[in-house]
1. Which one, Phe42, Phe159, Phe114, has the greatest fluctuation when you compute a Gaussian network model over the chain with C-alpha springs under 10 angstrom?
2. Quick one: compute the contact order of segment 1-75, relative version, from alpha carbon pairs under 8 angstrom and 6+ residues apart, as a percent.
3. Skipping prolines and chain starts, which residues have an amide H placed within reach, meaning under 5 Å, of the one on Phe154, given they are 5 or more residues away or on another chain?
4. Per residue, how large is the accessible surface of segment 1-84? Use a 1.4 angstrom probe and give square angstrom.
5. Once the Cα atoms of helix 94-104 and of the chain are each reduced to a long axis, what angle between those two axes, in degrees from 0 to 90 to the nearest 10, is obtained?
6. By per-residue mean of other Cβ atoms within 10 Å, what is the highest-first order of 124-135, 73-84?
7. Tilt of helix 45-60 relative to the longest C-alpha principal axis of the chain, in degrees (0 to 90, nearest 10)?
8. Using a Gaussian network for the chain with springs between C-alpha atoms less than 10 Å apart, which of these wobbles most: Asp146, Asp43, Asp68?
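The values are calculated or read from the model by the stated rules, or taken from the named source; none is laboratory data. What you are looking at is a predicted structure, and each value in this text was computed from that prediction instead of being measured. All Cβ positions, glycine included, derive from the backbone under ideal geometry; neighbour counts span all protein chains shown. Protein only, heavy atoms only, side chains kept; ligands, DNA and RNA dropped before computing areas. Shrake-Rupley method; radii C 1.70, N 1.55, O 1.52, S 1.80 Å.
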Amino acid sequence: MELIFCTNNEHKIQEVAQIMGEGFAFLTLKQVNYLSEIPEPFDTLEANSATKANTVFFYCNKNCFAEDTGLFIESLNGDPGVFSARYAGEPASSKRNIELVLSKMKGVENRRAFFKTVITLATPQGEWQFAGTCKGRIALEIAGQDGFGYDPIFVPDGFDRTFAEMDAAAKNTISHRKRAFEQFATFLKQY
Ligand code: IMP
């Protein structure tokens, strides 16, 4: 099954390919020659993900999906949330985002947080959404080299190391993305 994955983020593509397994082929935005930035102006992952998927669907009229992820930190009232990519401003930088989170959380005892992923599938038959979350806590300092984004400061529940200290296979058994894409893969197999 060939689907357009509305992203050019190599890390996401690799993670999703590993989670979904065989039987699916993904085309990136570059591969379908969609080169514009798609704005994410809404205050929910659901709305931003749907806009992305529908924008690309109307451009190429092929089955496509978008996924949007955010890190929601309890003691920061849910920030960075939908603004996770550009929390520390433009240009988007994971290093600066992490530094900002750690500085805001200096001395903060409640470190509870969760990742949430929302996928929107847009097809000629309609639109569907799938979501997955992963609960955990924000570490006191950066640890690990693997993964991407906020992985070096996120410790999932049941573990004492960050996502960035786990190899891809371990992260992909428990992650928000795994939980959302598992439902997505089950749906596509019946579709
Ligand atoms: P987006 O879904 O590409 O908009 O991602 C929003 C922000 O969350 C970006 O800064 C990503 O680097 C970060 N992010 C997305 N998924 C993950 C993840 O699995 N681990 C850590 N950070 C992530």
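1. The residue with the greatest mean-square fluctuation here is Phe159.
2. 38 percent
3. Residues meeting the amide H criterion: Ala139, Phe163, Ala164.
4. Normalised by residue count, the accessible surface of segment 1-84 is 50 Å².
5. 40 degrees
6. The most tightly packed comes first, giving 73-84, 124-135.
7. That helix lies at roughly 30 degrees to the long axis.
8. Among Asp146, Asp43, Asp68, the largest mean-square fluctuation in the Gaussian network model of the chain belongs to Asp43.
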